[in-house]
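Worksheet: one structure, shown below.
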Amino acid sequence: MAAEEKLLEIKNLKKYFPVKAGVFRRTVGYVKAVDDISFFIKNGETLGLVGESGCGKSTTGRTILRLLEATSGEIWFEGRNLLDLNKREMRSMRKEMQIIFQDPYASLNPRMTVEGIVGEPLDIHNLVSNKKERREKVKQILKSVGLSEEHMKRYPHEFSGGQRQRIGVARALAVDPSLIISDEPVSALDVSIQAQVINLMQDLQAEYGLTYLFIAHDLSVVKHISDRIAVMYLGKIVELCEKRELFKNPMHPYTQSLLSAIPIADPTAKKDRIILEGDVPSPVDPPSGCRFHPRCPRAMDICSEKEPEFKDYGDEHFAACHLLD
């Protein structure tokens, strides 16, 4: 693939959090939240990132934006390695990459009006020259997310959850970014409101040519919005491919178990459920070899001894599993 087709490329990214103990707070171990992952996102596409709670999805998104500093690896965005940039260079680069947070109740400043919340990024990046221009720009952005001018003077507590998330989308959109990282943007909303926000994001993507990293744990939501899907387990990406291919031909046993858990509308239809035993191991002391082998119904001896290679099995269908070799 030509380099210009890739907007974002992650190479061997790691994020470890130190575990401290004792009177002197010495480091006694590390939480391996993100452990040597690689993937890319093409211009204008949506890559869905799914997995159980605590697998490292949100940490991946925040590390890409350098809201958390990576332990090691490379983050290439528009031809530059973000980890090589100083604070000033990173600040200007953030105009091109924004985030929509999970909780619309906690991510908006309760002391600021909607005009202040959406207008703040315009001030930070010097995108407007006066208050009148700022107000017009905010009005235009709010209109694009389905809010009106009369909402500008209101405070976050005066809005519903769905409206607050629209304000969060408007704030991310204000600086005209090329990449938006959506960190479970609909998980705190009712199902009917989820559909409205997802449809809004798709409309905005078509209108502004946006690229999304869409983080979620709900496979049906991810299927609706994504072009490709990456499945994550305990800090590792275990499978990545085009969405139809993933649902039609899941290669990794963990992906197969996730898909088997999706409820279906027909009560008479029979479906083989794959029930995983045990709990997700601790990222402080992950299992040797394949991270999934203690819970895998098809585990072999090699699975506990050697870590499987994450490789392409044709048509950009990547997976990491000894069963496929």
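The values are calculated or read from the model by the stated rules, or taken from the named source; none is laboratory data. As the structure is a prediction and not an experimental result, all values here were calculated from the model. No Cβ is skipped: glycine too gets one built from the backbone with ideal geometry, and neighbour counts run over all protein chains shown.
Things worth noting here:
- Checked against the criterion of being buried (at least 24 other Cβ atoms within 10 Å of the Cβ) and closer than 12 Å to Asp103 by Cα, the stretch 152-164 has no qualifying residue.
- Filter pass, Val197 being out of contact with any Leu (no Cβ under 9 Å at 6 or more places or on another chain) and either free of Cβ contacts under 8 Å to residues at least 60 places away in the same chain or among the small types (Gly, Ala, Ser) (or both): no
- Qualifying residue in the stretch 125-135 (condition: buried (at least 20 other Cβ atoms within 10 Å of the Cβ) and in contact with a Lys or Arg (Cβ under 9 Å, 6 or more places away or on another chain)): no
- Residue match in the stretch 141-151 (condition: touching a residue at least 60 places away in the same chain (Cβ under 8 Å) and surrounded by fewer than 21 Cβ atoms within 10 Å (Cβ to Cβ)): yes
- Here Ser260 fits the description: hydroxyl-bearing (Ser, Thr, Tyr) and more than 23 Å from Val34 (Cβ to Cβ).
- If you go through the stretch 297-313 and keep only what is part of a loop (DSSP other than H, G, I, E, B) and either exposed (fewer than 14 other Cβ atoms within 10 Å of the Cβ) or at pLDDT below 90 (or both), you end up with Pro297, Arg298, Ala299, Met300, Lys306, Glu309.
- Per-region count, the stretch 66-92, residues closer than 30 Å to Gln194 by Cα and either of a type in the set (S, T, N, Q) or surrounded by fewer than 19 Cβ atoms within 10 Å (Cβ to Cβ) (or both): 3
- Candidate set from the stretch 281-296 (those that are loosely packed, with under 14 Cβ neighbours inside 10 Å and of a type in the set (Gly, Ala, Ser)); member that is nearest to the chain's Cα centre (by Cα): Ser282
- Residue match in the stretch 79-97 (condition: at positive phi and either in contact with a Phe, Trp or Tyr (Cβ under 8 Å, 6 or more places away or on another chain) or in contact (Cβ under 8 Å) with a residue 12 or more places away in the chain (or both)): yes
- Residue that is over 26 Å from Ser144 (Cα atoms) and not polar (S, T, N, Q), where the choices are Ile215, Ile229, Ile225: Ile229
Here is a yes/no grid of residues against (1) in contact with a Lys or Arg (Cβ under 8 Å, 6 or more places away or on another chain); (2) within 30 Å of Ile117 (Cα to Cα); (3) in a loop (DSSP other than H, G, I, E, B):
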position: Leu13; (1), (2), (3): no, no, no
position: Phe17; (1), (2), (3): no, no, no
position: Lys20; (1), (2), (3): yes, no, no
position: Tyr30; (1), (2), (3): no, no, no
position: Ala33; (1), (2), (3): yes, no, no
position: Ile37; (1), (2), (3): yes, no, no
position: Cys55; (1), (2), (3): no, no, yes
position: Arg91; (1), (2), (3): no, yes, no
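- First in the stretch 46-73 and more than 18 Å from Ile99 (Cβ to Cβ) and of a type in the set (D, E, K, R), second anywhere and modelled with pLDDT under 95 and part of a loop (DSSP other than H, G, I, E, B), Cβ under 9 Å, 6 or more apart: Glu52/His217; Glu52/Leu234; Glu52/Val280
- Asp315 farther than 28 Å from Ser53 by Cβ and touching a Cys at 6+ places or on another chain (Cβ under 9 Å): yes
Let's see how each residue does on (1) closer than 25 Å to Asp227 by Cα; (2) loosely packed, with under 12 Cβ neighbours inside 10 Å; (3) in contact with a strand residue (DSSP E or B) (Cβ under 7 Å, 6 or more places away or on another chain):
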residue	(1), (2), (3)
Tyr16	no, no, yes
Val28	no, yes, yes
Lys32	no, no, yes
Phe40	yes, no, yes
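- Hits in the stretch 115-144 - residues which are β-branched (Val, Ile, Thr) and more than 25 Å from the chain's Cα centre (by Cα): Val128, Val138
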